1. Examine segment A:79-88 for a residue that is of a type in the set (Ser, Thr, Tyr), in contact with a Gly (Cβ under 6 Å, 6 or more places away or on another chain) and either open to solvent by 80 Å² or more (accessible area, probe 1.4 Å) or within 14 Å of chain B (Cβ to nearest Cβ) (or both), and state whether such a residue exists.
2. Across segment A:4-13, what is the total count of residues that are in contact (Cβ under 8 Å) with a residue 40 or more places away in the chain and either touching a Gly at 6+ places or on another chain (Cβ under 6 Å) or open to solvent by 20 Å² or more (accessible area, probe 1.4 Å) (or both)?
3. Out of all the residues in segment A:170-177, is one or more open to solvent by 20 Å² or more (accessible area, probe 1.4 Å) and without any contact (Cβ under 8 Å) to a residue 24 or more places away in the chain?
4. Name the pairs: first residue in segment A:157-169 and farther than 16 Å from A:Gly118 by Cβ, second residue open to solvent by less than 40 Å² (accessible area, probe 1.4 Å), Cβ to Cβ under 6 Å, at least 6 apart or on different chains?
5. So, B:Met112, is that one open to solvent by 80 Å² or more (accessible area, probe 1.4 Å) and aliphatic (A, V, I, L, M) or not?
6. When you check B:Ser134 against the structure, is it at pLDDT 95 or above and of a type in the set (Gly, Ala, Ser), yes or no?
7. Filter segment A:17-41 down to the residues that are open to solvent by 80 Å² or more (accessible area, probe 1.4 Å) and more than 10 Å from chain B (Cβ to nearest Cβ) and list them by number.
8. Which pairs have Cβ atoms under 8 Å, sit 6 or more apart or on different chains, and link a residue in segment B:78-90 that is facing another protein chain (nearest Cβ under 10 Å) and within 16 Å of A:Val43 (Cβ to Cβ) to one that is open to solvent by less than 100 Å² (accessible area, probe 1.4 Å) and of a type in the set (Asp, Glu)?
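The values are calculated or read from the model by the stated rules, or taken from the named source; none is laboratory data. These figures come from a predicted structure and were not determined experimentally. Heads up, the Cβs are rebuilt from the backbone with ideal geometry, glycines too, and the neighbour counts pull from every protein chain shown. Quick note on the areas: whole protein, heavy atoms, side chains included, nothing else; ligands and nucleic acids left out. Shrake-Rupley method; radii C 1.70, N 1.55, O 1.52, S 1.80 Å.
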Amino acid sequence: MRQLTQEETKTLFSKIANYTGRSLNQLIEPVQDASGKPGERYVFRIQNSRVYYVKEAIANLATSIARPNLLSLGTCIGKFTKTGMFRIHITALDIIAPHARYKVWIRPNGEMPFLYGGHVVKAHVGRWSEDCPEHQGVVVYSMNDTPLGFGVTACSTAAARKLDPTGIVTFRQGDVGEYLREEDTLFAT
Amino acid sequence: MATSKSTSKASASKTAAGLGKPKSDKKTRAPKAKSEVKTHRISAKDKLKKKKRIYTAEELGVPKLNGIVPTGVQKLKGKKKGKVFVDDAESMLAILGMVQAEKEGEVEGKIMKARQLEEIREAKRVEAEKRVQSKKAVLEEAKGVLRQKKRTKRDKRDEKPTDDGKKESSHKKKRVSFG
């Protein structure tokens with residue numbers, strides 16, 4: 001387990017910033033608690049090419065565990081590929097969702113197809129953020145504001161209006177169904 | 001140089017002390033000259049030695065000839081070996097700010113591009129509509145002209161019999177007379 005290098009930090013942030021807005025700063029800055037005292041600081045740590053978002057105190061404690069023995073800590077955000085790119089995991093949804101910039105809400109009849117790994121079609125969209133460009137990261141919500149996953153828009157909001165009901169609006173990149181489908185590989189290599 | 005100075009000082013003091021004895025003065029002068037020569041020789045040797053000093057390419061920082069070093073192997077001078085970690089909030093915020101500005105620009109660019117494309121599409125649509133309208137107008141005009149022609153023809157046909165009323169009256173009014 002070690003800190004991230006400059007390059008890695010940049011790659012990680014540019015990936016997360018696809019889905020989030022300006023409020024991403026709150027991930028790094030120590031959050032103030034109710035009494036106004038600065039709360040605990042969260043840090044990013046890399047272990048076996050996986051990046052974890054973890055409380056600094058826990059990260060410091062984890063240094064006492066040998067690298068081969070340390071399986072996981074904190075929240076896994078994703079992993080670095082061998083080519084140096086970053087692949088975001090569904091486990092990062094809890095971190096991304098509160099800071100999402102563009103959102104797509106899907107109707108109850110579209111939830112199951114999405115959770116089984118399908119893309120979002122226009123007929124299943126309940127509502128979407130206005131002025132969303134194409135190929136932009138979006139967070140997918142159910143109609144009762146439960147984050148279900150994330151993806152990339154296939155076309156801009158204006159273009160999607162002219163689309164037929166079976167046309168794909170958002171390409172799926174991750175959904176909470178992966179917790180079951182990818183159970184074997186999600187937490188261990 | 002320091003040695004020659006000291007010797008000259010010593011000789012000066014000696015000459016001042018024994019002015020009445022020229023012989024002894026000669027004696028004292030001879031070694032002084034020798035020593036001067038010696039020191040000169042040494043300094044010359046030193047100079048020669050200094051001139052002979054050869055600088056290595058590393059000392060001068062001259063790039064090596066035929067030295068194409070792969071970038072992975074190349075080691076920069078005075079740079080820390082290994083990875084540079086980022087853990088303090090300030091530098092992380094700086095990186096994040098940079099990344100966010102980049103993304104913001106990208107998104108703005110995309111939105112602007114989409115708007116421009118939409119405008120172009122709208123303009124094209126309006127133009128196409130206009131073209132269709134003008135075509136329709138031309139067609140309508142042609143139709144109108146044809147209709148007008150037909151009407152005038154009919155009117156003419158209608159008007160002809162009215163010109164020579166006798167014939168018309170004879171044709172139209174049939175009279176039946178009963179004996």
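1. no
2. Of all residues in segment A:4-13, those in contact (Cβ under 8 Å) with a residue 40 or more places away in the chain come to A:4, A:7-8, A:11-12.
Within this subset, residues satisfying the condition of being either touching a Gly at 6+ places or on another chain (Cβ under 6 Å) or open to solvent by 20 Å² or more (accessible area, probe 1.4 Å) (or both) are A:7-8, A:11.
Residues flagged as in contact (Cβ under 8 Å) with a residue 40 or more places away in the chain and either touching a Gly at 6+ places or on another chain (Cβ under 6 Å) or open to solvent by 20 Å² or more (accessible area, probe 1.4 Å) (or both) within segment A:4-13 amount to 3.
3. Let us first name the residues in segment A:170-177 that are open to solvent by 20 Å² or more (accessible area, probe 1.4 Å), namely A:171-173, A:176.
Retained after the next criterion (residues that are without any contact (Cβ under 8 Å) to a residue 24 or more places away in the chain): none.
Looking for residues that are open to solvent by 20 Å² or more (accessible area, probe 1.4 Å) and without any contact (Cβ under 8 Å) to a residue 24 or more places away in the chain, one finds none in segment A:170-177, hence no.
4. If the second residue must be open to solvent by less than 40 Å² (accessible area, probe 1.4 Å), the pairs left are A:Thr157/A:Cys132; A:Ala160/A:Val169.
5. Here the answer is yes, as B:Met112 does meet what is asked.
6. Numbers: at pLDDT 95 or above: yes; of a type in the set (Gly, Ala, Ser): yes.
It is true that B:Ser134 is at pLDDT 95 or above and of a type in the set (Gly, Ala, Ser).
7. Within segment A:17-41, A:Gln26, A:Val31, A:Gln32, A:Ala34, A:Ser35, A:Lys37, A:Pro38, A:Glu40 meet the criteria.
8. B:Ala89/A:Glu29
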